[in-house]
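Have a look at the structure below before the remarks.
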Amino acid sequence: MSKKNKVRDSFLDELKKIPIVQVACEKTRVSRNSIYRWKKEDKEFCKEMEEALAEGEALVNDMSESQLLTLIKEKNFSAISFWLRHRNSKFKNKVEVTTKIGIDDDDLTPEQETIVKRALELATSTKPNEKNHD
């Protein structure tokens with residue numbers, strides 16, 4: 001096995017442990033430029049890198065879920081709330097808009113138009129510091 005292949009294999013192994021390219025580069029002493037050049041030039045390496053990233057992400061997800069469950073067992077309210085909001089449809093964030101629109105009206109009044117626009121804004125935005133985890 002060539003030195004280049006050993007370095008590539010080491011890089012991929014690190015990526016499986018921690019799916020962050022920069023960290024794997026630092027641990028294997030390979031530049032990011034080299035990695036992305038290899039990825040561009042070598043379809044097999046590109047595929048292996050994507051698989052390594054997916055494996056690493058799955059590992060981190062498993063560890064994170066395990067830690068979250070530990071916090072839930074410790075009665076940590078934030079962890080409980082997070083789990084319910086993301087795993088149980090009864091607790092997901094919802095927007096409900098009610099208004100009366102005349103049956104015979106073909107066009108919305110300016111007030112109704114404002115209500116609909118605001119409802120759409122609320123339905124598609126997230127609160128500051130809130131990220132979509134779904």
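Structural remarks
- Annotation: of all residues in the stretch 35-50 being touching a helix residue (DSSP H, G or I) at 6+ places or on another chain (Cβ under 8 Å) and free of Cβ contacts under 8 Å to residues at least 24 places away in the same chain, the one that is farthest from K6 (Cα to Cα) is K40.
- Single residue of the stretch 97-125 satisfying the filter (within 26 Å of the chain's Cα centre (by Cα) and either acidic (D, E) or in a loop (DSSP other than H, G, I, E, B) (or both)) that is modelled with the highest pLDDT: E121
- Looking across the stretch 1-48, the residues that are of a type in the set (A, V, I, L, M) and in a helix (DSSP H, G or I) come down to V7, L12, L15, V21, V23, A24, I35.
- For the stretch 24-35, filtering for residues that are exposed (fewer than 14 other Cβ atoms within 10 Å of the Cβ) and at negative phi leaves 4.
The values are calculated or read from the model by the stated rules, or taken from the named source; none is laboratory data. What you see is a predicted model; the values in this text were computed from it and never measured. Neighbour counts run over all protein chains shown; Cβ positions are idealised from the backbone, glycine included.
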